[in-house]
Amino acid sequence: MVANKVKNSLKERVEKLKEAGVTPCLATILVGDDPSSATYVKMKGNACEKLGIVSKRIHLPATTTTEELLATITELNNDENVNGILLQHPVPEHVDERKAFDTISIEKDVDGVTSFGYGQTALGFGVFPSCTPAAILTIIKEYGIPVQGKHAVVVGRSPILGKPVSALLLNENATVTTCHSYTNNLPDIVKQADIVVAAVGKPNFIKGDWVKEGSVILDAGYNPGNIGDVEYDSCFEKASAITPVPGGVGPVTIAMLLKHTVDSAERTLQSKAENEVVQSN
Ligand code: NAP
């Protein structure tokens, strides 16, 4: 399984960091009491701890103002023991989420939510792409699915999922069509796809008779009741490869978050070492 492979590859790296005096640390911020968000944050924190990564869990009340949230993020930006910051989406409506995301320092944006990080990803030199898009690309690579010259149809254009996964596929030389709620004739467009990415947030939305025989289907959807955005049984009949829900893109997304946190800790250690060399010269 791809998620386990990624996590196993991190164990030794975490040990090496600890030997060098650095314990990787992911700070998670949950604002309010949305039960699904609380579950996601808990799952991410537990996954960190299983791997020896410190999980610093911050839970702010639903009444938190934008300014208070920005102050918390700034404190974490300045905390040299924190390697990654994850602000759980969505925050309560009165909070300026974009401003909060963009306050996260680029070095600690392990969830790939900042505008700057998105720009870097789109231009092809992103350090930490959003975790679900990174997971989708990791699955594609692990299974040796050809991307170059293929037609990829992404259904959804959110800043954390549809847009960055479209950018990553484009960077891999796919021909990408990004669809959204104003797209006309969606089934006809999906039917042209060699690779379908479902990122729409509607249960069982993509139907078997929309997809081409032999296509590869990646279902990023995660709807109440553990239901994906793809109607699995009918699409399974047509696909050459398909990810299930649960157990497909979701666990790899968490593995990507852990990987980015470890990457960030290693980068910090590396730059400390470089600074010491400069100072001793
Ligand atoms: P989102 O912000 O609600 O975006 C949904 C996108 O789907 C929007 O771009 C929207 O178009 C488009 N859309 C809505 N109705 C459509 C229709 N009838 N036809 C075509 N496009 C339509 O959702 P998200 O945050 O990207 O999440 C999408 C799904 O992925 C959800 O199920 C979510 O739970 C899941 N997810 C999973 C993970 C994971 O770790 N596995 C992580 C993040 C999200 P407009 O832009 O025009 O509104």
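The values are calculated or read from the model by the stated rules, or taken from the named source; none is laboratory data. From a predicted model like this one, the values you see are computed outputs, not experimental measurements. Please note: Cβ atoms are built from the backbone with ideal geometry, for glycine as well, and neighbour counts cover all protein chains shown. For accessibility, only protein heavy atoms count, side chains too; no ligands or nucleic acids. Shrake-Rupley method; radii C 1.70, N 1.55, O 1.52, S 1.80 Å.
Which value at 222 nm does the chain reach when only helices count, each DSSP H run of 4 or more adding -39,500 (n - 2.57), with the total divided by all residues and rounded to the nearest 500 deg cm²/dmol? Can you show the working numbers first?
Numbers: 10 runs with 129 residues, N = 281.
After summing the helix terms and dividing by the residues of the chain, the value is -14500 deg cm²/dmol.
Taking all protein chains into account, the per residue accessible area for the stretch 20-105 stands at 49 Å² (1.4 Å probe). Positive contributions from Lys and Arg (+1) and negative ones from Asp and Glu (-1), summed over other residues with Cβ under 11 Å from the Cβ of Ala100, come out at -3. Taking a Cβ cut-off of under 14 Å around Val6, the surrounding Lys, Arg, Asp and Glu residues balance to a net charge of +4, with basic ones at +1 and acidic ones at -1. Accessible surface for the stretch 131-249, divided over its residues, is 46 Å² per residue with a 1.4 Å probe. Working ranking of peptides 253-263, 16-26, 151-161 by packing, defined as the average number of other Cβ atoms within 10 Å per residue, highest first, is 253-263, 151-161, 16-26. For the stretch 131-249, carbon and sulfur atoms together expose 51% of the accessible surface, with a 1.4 angstrom probe and every protein chain in place. Protection proxy ranking for 166-173, 241-248, using the average of other Cβ atoms within 10 Å per residue and placing the highest first: 166-173, 241-248. Protection proxy ranking of 94-107, 227-240, 1-14, by the mean of other Cβ atoms within 10 Å over each peptide's residues and highest first, is 227-240, 94-107, 1-14. Database remark: amide H of Lys150 closer than 5 angstrom to the amide H of Thr175 (H placed geometrically; neighbours at sequence offset of 5 or more, or on other chains; Pro and chain starts carry no H).
Each Lys or Arg adds one and each Asp or Glu subtracts one; over the other residues with Cβ under 13 Å from the Cβ of Gln148, this totals 0.
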